[in-house]
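To start, the structure under review is shown below, and the notes come after it.
The values are calculated or read from the model by the stated rules, or taken from the named source; none is laboratory data. All values derive from a computational prediction rather than experimental measurement. All Cβ positions, even for glycine, are placed from backbone atoms using ideal geometry, and neighbour counts span all protein chains on display.
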Amino acid sequence: MYKLLEYGLIEEAGKSDLPGKPMSYKTTNEFLKLFGYKTLKNLPELPRYKLDENKQIIIDEIIEKNESKEK
């Protein structure tokens with residue numbers, strides 16, 4: 001977080017209304033320029049994920065690819 005702030009890639013967006021009032025952050029125009037995007041809408045979608053019985057993250061897209069290879 002500190003390096004992202006130092007490089008101007010994120011900035012403070014205010015305090016969240018959660019216990020402890022944690023700081024929230026947002027990306028800057030410098031972040032978008034660095035990664036070649038014009039707006040946040042151009043960012044790729046995050047992969048779909050879920051937690052398994054051990055509270056481990058499972059990414060659905062990886063499972064789907066593996067299942068299609070097995071067929």
Output the residues belonging to the range 5-42 that are surrounded by fewer than 12 Cβ atoms within 10 Å (Cβ to Cβ) and of a type in the set (A, V, I, L, M, F, W, C).
-> Ala13, Leu18, Met23, Phe35, Leu40
Scanning the range 1-44 for residues that are in contact with a Gly (Cβ under 7 Å, 6 or more places away or on another chain) and part of a strand (DSSP E or B) gives Ser24
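So for the range 31-42 (the condition being of a type in the set (Gly, Ala, Ser) and modelled with pLDDT under 75), does at least one residue qualify? Walk me through how you get there before you give the answer.
First, pick out the residues of the range 31-42 that are of a type in the set (Gly, Ala, Ser): 36.
Next, only the ones that are modelled with pLDDT under 75 stay: none.
For the range 31-42, residues of a type in the set (Gly, Ala, Ser) and modelled with pLDDT under 75: absent.
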